[in-house]
Amino acid sequence: MMIVNPLAREFVLFCINRRGQEWPALYDEMSRVAGRHLFRGLGYNELKKLGISLSLVNIDDTIKIVDAVRTQVQ
């Protein structure tokens, strides 16, 4: 089981609650939330430090985090 930073987990859940779990709508919502600092004032750089990169280069790692959070919730 993947260990996810608790704040990163909360961010993913926040976005899921706003938009649902379907990809790419969830990715769009995560980008929107980060761009507007809607979750605890966190933006792209702060989220990247938590392990959530919204760069397409690192999207596979972010998808793994999202999948881990989904699994924990179910």
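Summed over the range 29-61, residues that are surrounded by fewer than 16 Cβ atoms within 10 Å (Cβ to Cβ) and touching a His at 6+ places or on another chain (Cβ under 9 Å) total 1.
Can you tell me how many residues in the range 16-28 are more than 20 Å from MET2 (Cβ to Cβ) and surrounded by 14 or more Cβ atoms within 10 Å (Cβ to Cβ)? Break it down into steps so the answer makes sense when it comes.
Here is the first cut: in the range 16-28, the ones more than 20 Å from MET2 (Cβ to Cβ) are 17-20, 22, 24-25, 28.
This time we only want the ones that are surrounded by 14 or more Cβ atoms within 10 Å (Cβ to Cβ), so: 18-19.
The total comes to 2.
Read the figures in this text as sums done on the coordinates, not as results from a lab. Fair warning: this is a prediction, and the values are worked out from it, not measured in the lab. Glycine gets a Cβ as well: all are built from the backbone with ideal geometry, and neighbour counts include every protein chain shown.
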